[in-house]
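Visitor: Dropping a structure here in structure tokens format, bear with me for questions.
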Amino acid sequence: MTITKNETKKLNKELKILCCAVYFFSYLSRQNYPAVLTEIIEDMNVSKSLAGIALMGSFISYGIFQIISGIFGDKIKPQKLVFAGLFGSSAVNLLIWLFPNIYFMNVVWCLNGAFQSLIWPPLVRLIIENFGEKEYSVTVVRVTQASYIATVLVYLLSPFVIASLNWRCVFAFSGMGAMLFSLVWLIKTKNIESSLARKEKLIESEKEKINYRKLLASGFIPIILSTIVAGFMRDGISTWMPTYINETYGISSFSSILTGAVIPIFSALFLDVLNFIGEKIGNEMKTASLYLGVALLSCSLMYFGFSKLPVFDVALMVIVTICVHGVNLMLVCNVPKRFAKYGKSSTMSGILNASVYAGSAFSAYGVASLATEFGWRNVILFWIGAVAIVFVLCILWIKRFEKNMK
């Protein structure tokens, strides 16, 4: 049976909506813990370090299983992996709701990281094979924006759920929603297959072998280090900003949690701009260098203007986070499409995303420890040093990246 062009467009549109929705629910069941972290610390009377262990553990398990997920994502049906990831994550959320013990939470939230890792690399392969390189960037932007919308909703609605019910109900609602949609995903994507032309192209191109020496020369090490720092900055700021605002300015946990919604709102709004700049420059390493430079300047201003005005701090943190999201878009989302011709897009996506979450894991526990031992201003100084190092490395590798990644 021949599928018409209009039918293909309709199927692609439906798949795009499903990809956006599945990533939306994955973030709904992932970002709820950092969103209610301040309330968990206060309600359970535990330290920042103890409460942060769950996040660190989930980031570590996410990073480790990203690589495994990436490899399997290139070998088996990606939609099956995505279903397993979202369904498992929903179950973990429901367990947190039912058994609110900090030590139990620290253990099971690590499982959430493992389940969540099954979603992104297979999703990248699914998008590449069904949309092709031309539509890939736009589709990835839309999927990423869906995750920001989920984060905004979590940070906006969590304070009201806490005020009217309790923080545990945030996990209940997230878990139920994710579980229901995982079943919708399973039914709707059961018969999705990549286009024949794309399959034939992949089969033919599998004869090509990756030149690992060329890969290293292109700047693979700076890319890995940059994504580690991007993960550290992104999750370090988004996770701990409410606590930072609460402790630095004495603002209530209710209002502090609401400030956490500002970051994903602006990140979603600026994602198209970040992608447009990247397309105009045409070199992921050069674009990442630009974003890192702006992030470095913003961190420096934050350091010298420390504890002056909460609005000033929030604005600069938003700018820094937008920039590291730009780095993430260039290096984690766009670089893997260069490996589609080797049939390794999911594997490369898994490796790069794993490095992001290596940074995220350190931010979950490291930021809390640094803030407790040395104060928030020295945390900002650490951010400046980390961003400065990868900024210089990316600048030095721009030409080599352009030469070796064609």
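Visitor: Are any of the pairs Lys77/Lys337; Lys10/Lys337; Lys10/Lys280; Lys16/Lys80; Lys16/Lys77; Lys10/Lys75 more than 21 Å apart by Cα-Cα distance, and if so, which? Don't skip to the end; give the middle numbers.
Guide: On the way: Lys77/Lys337 18 Å; Lys10/Lys337 24 Å; Lys10/Lys280 29 Å; Lys16/Lys80 17 Å; Lys16/Lys77 17 Å; Lys10/Lys75 27 Å.
Distance filter (> 21 Å) returns Lys10/Lys337; Lys10/Lys280; Lys10/Lys75.
Visitor: Roughly what angle does helix 78-98 make with the longest principal axis of the chain, taking Cα atoms, 0 to 90 degrees, to the nearest 10?
Guide: The answer is roughly 20 degrees.
Visitor: Another one. Restricting to DSSP loop positions (anything but H, G, I, E, B) with no more than 16 other Cβ atoms inside 10 Å of their own Cβ, which trypsin sites (Lys or Arg not before Pro) remain in the range 16-125? Let's see the in-between values first.
Guide: Values: sites: Lys16, Arg30, Lys48, Lys75, Lys80, Arg125; in loops: Arg30, Lys75.
The qualifying sites are Lys75.
Visitor: Running a GNM on the chain with Cα contacts under 10 Å, which residue among Gly305, Gly260, Gly57 ends up with the highest mean-square fluctuation?
Guide: Largest GNM mean-square fluctuation: Gly305.
Visitor: Just name one of Val141, Ile265, Ile76: the one whose Cα is farthest towards the positive end of the charge dipole of the range 5-404 (beta-carbon charges, Lys/Arg +1, Asp/Glu -1).
Guide: Ile76
Visitor: Extending each Cα 7 Å along its Cβ direction at Lys308 and Asn378, get the distance between those two points in nm, one decimal.
Guide: 2.4
Visitor: Gaussian network model of the chain, Cα springs within a sub-10 Å range: biggest mean-square fluctuation belongs to which of Asn283, Asn191, Asn32?
Guide: Asn191
Visitor: With only Lys, Arg, Asp and Glu charged, each at its Cβ (+1 for the first two, -1 for the last two), find how big the charge dipole of the range 5-404 is about the Cα centre; round to the nearest 20 debye. Walk me through the numbers on the way to the answer.
Guide: Values: 35 positive and 22 negative charges, 301 e Å.
Once rounded to the nearest 20, the dipole reads 1440 debye.
Visitor: OK, next. Pairing the Cα long axis of helix 196-205 with the longest principal axis of the chain, what angle in degrees results, from 0 to 90 and rounded to the nearest 10?
Guide: Taking the Cα atoms of the chain, the angle to 196-205 is about 90 degrees.
Visitor: Calculate for the chain the 222 nm mean residue ellipticity that helices alone would give, adding -39,500 (n - 2.57) per DSSP H run of length 4 or more and normalising by residue count, nearest 500 deg cm²/dmol.
Guide: Dividing the helical sum by the residues of the chain leaves -28500 deg cm²/dmol.
Visitor: Could you state the angle between the C-alpha long axis of helix 102-116 and the longest principal axis of the C-alpha atoms of the chain, as a value from 0 to 90 degrees rounded to the nearest 10?
Guide: Relative to the chain, helix 102-116 is tipped by roughly 20 degrees.
Visitor: Give the relative contact order (percent, whole number) for the range 5-404; include only Cα pairs under 8 Å separated by 6+ residues.
Guide: Details: 639 pairs, mean separation 108.9, N = 400.
Here the relative contact order equals 27 percent.
Visitor: For the range 5-404, just say rounded, prolate or oblate: build the C-alpha gyration tensor, square-root its eigenvalues into a ≥ b ≥ c, call rounded for a/c under 1.5, and beyond that prolate if a/b exceeds b/c, oblate if not. Walk me through the numbers on the way to the answer.
Guide: Details: a/c = 1.87, a/b = 1.24, b/c = 1.51.
Here the range 5-404 falls in the oblate category.
Visitor: Determine the shape class of the range 58-173: with a ≥ b ≥ c the square roots of the Cα gyration tensor eigenvalues, call it rounded for a/c under 1.5, and otherwise prolate if a/b is greater than b/c, oblate otherwise. The partial results should precede the final answer.
Guide: On the way: a/c = 2.92, a/b = 1.55, b/c = 1.88.
Oblate.
Visitor: Only four residue types carry charge here, +1 at the Cβ of Lys and Arg and -1 at the Cβ of Asp and Glu. Report the dipole size of the range 1-97 about the Cα centre in Debye, rounded to the nearest 20.
Guide: On the way: 10 positive and 6 negative charges, 138 e Å.
The dipole magnitude comes to about 660 debye.
Visitor: Let me ask something else about it. Which is farthest toward the positive dipole end of the chain among Phe254, Leu94, Pro122, measuring Cα position about the Cα centre, with Cβ charges +1 (Lys, Arg) and -1 (Asp, Glu)?
Guide: Most positive-ward Cα: Pro122.
Visitor: What dipole magnitude, in Debye to the nearest 20, does the range 59-158 give about its Cα centre under +1 on Lys/Arg Cβ and -1 on Asp/Glu Cβ? Kindly include the intermediate steps, with their values, before the conclusion.
Guide: Numbers: 6 positive and 4 negative charges, 25 e Å.
Dipole about the Cα centre, nearest 20: 120 debye.
Each value in this text was obtained by applying a stated rule to the coordinates, not by laboratory testing. Since the model is a prediction, treat every value here as computed from it, not as a measurement. All Cβ positions, glycine included, derive from the backbone under ideal geometry; neighbour counts span all protein chains shown.
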